[in-house]
1. Ordered shortest first, which distances in nm separate the 7 Å Cα→C-beta label point of residue B:91 from those of the other copies?
2. Considering every residue in A:95-105, what mean count of other chain Cβ atoms within 10 Å of its Cβ is obtained?
3. Where the label is 7 Å out from Cα toward Cβ, how close does residue A:3 come to the same position in every other copy, in nm, shortest first?
4. Can you check what the net charge comes to around residue A:19, using other residues whose Cβ is under 13 Å from the Cβ of residue A:19 (Lys, Arg +1; Asp, Glu -1)?
5. Every other copy gets compared here: list the nm distances from the residue B:15 label point (7 Å along Cα to Cβ) to its counterparts, shortest first, one decimal.
6. Could you compute the FRET efficiency for residue A:103 and residue A:15, with r as their C-beta to C-beta distance and R0 at 41 Å, rounded to 0.05?
7. What nm distance separates the two modelled labels at residue B:93 and residue A:89, each placed 7 Å from Cα along Cα→Cβ?
8. How crowded by other chains is B:55-62, given as the mean number of beta carbons from other chains within 10 Å of each beta carbon?
Protein chains: 2
Amino acid sequence: MFTIGQIAARTGTKVPTVRYYEGIGLLPEAERTAGGQRRYDRAALDRLGFIRHARALGFGLEDIRALLDIEGHGDAHAIAERQLRDVRDRMARLARLESELARIVGSCAGGGGTGPCRVLEALGDHDACAADH
Amino acid sequence: MFTIGQIAARTGTKVPTVRYYEGIGLLPEAERTAGGQRRYDRAALDRLGFIRHARALGFGLEDIRALLDIEGHGDAHAIAERQLRDVRDRMARLARLESELARIVGSCAGGGGTGPCRVLEALGDHDACAADH
DNA sequence: TATAATCCCTCTAGTGACTAGAGCTTCAAG
DNA sequence: CTTGAAGCTCTAGTCACTAGAGGGATTATA
């Protein structure tokens, strides 16, 4: 049996987060000692590991709840594909931001320089942007 | 003079968001008609445009507040550079997620197929990941 | 001038995924 | 038996909005 601090450390989770997961029903209610402290078994540890892995991949908690519920139906594939599409979307948007920001930062050469910095003008100038954000 | 709906439409903002910005002090308090409705001038419209542009580039509201306050000191450049670093960090992390997710989704070939889908196993299998998330 | 359609007002509460803190109790080691 | 770390509950805060209730203002048309 593990304490909450132990499963937290083993999965790279913070202790309040473990309690939060229990509170919203992602983790089952833990057994308690006579004094009221939580104790966990191997299954709980694995489940938390699964949750943290899925979180690290960007799945939302509701998606994770669905993944934990279905246990083998076809839905898992659809959820993962949707997540992959989301990630690719975000990548594309970030790439546009990056080039725009690089342009703005580049619009005045040095950081410690003397002249007035163009960053504010560049930020105010919407029309110079490629498009859509 | 513009109504709140007009400046919202012109800047691609939702009306409650404009009121929210006023509430947190990003926009000055608007003049009011006798009946209590907000009216805006050109300066307010420009300021809101600046805010929305900066938001679209991923700046947080506190950064934007700082950008609006300084009006020409060297800080703007530093803030923009930090934002650019943030964006590049996020891009790198997303790229790792993307390859991991693609692997997981690819681990079972078809969506509408018959056999059991490996997505859940792949999600549970932390060790197969390249690293660090 | 009356009315209807559209807009606007304030206020509260909810979102997602935690995180921080106060004030207290339990556990394990020595 | 004492001490110190770790645990407990509960409330509230984060960020940047968004939704809804219940009502008032403005404007265009008849």
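Any read-out appearing in this document is the output of simple, stated calculations on the displayed coordinates, not a laboratory observation. Every value quoted in this text rests on a predicted model; they were computed, and no experiment measured them. Cβ placement follows ideal geometry from the backbone for every residue including glycine, while neighbour counts extend to all protein chains displayed.
1. Result, one decimal in nm: 1.2.
2. On the way: counts 3, 2, 10, 7, 1, 6, 11, 4, 0, 8, 10.
What the average comes to for A:95-105 is 6.
3. Once sorted, the set of distances for residue A:3 reads 6.3 nm.
4. Details: positive: A:14, A:32, A:38; negative: A:22, A:29.
Once positives and negatives cancel, what remains is +1.
5. Label-point separations across copies, in nm and ascending: 4.9.
6. On the way: r = 44 Å, r/R0 = 1.07.
Once the sixth-power term is evaluated, E becomes 0.40.
7. A separation of 1.9 nm, rounded to one decimal place.
8. Going residue by residue through B:55-62 and averaging, the value is 3.
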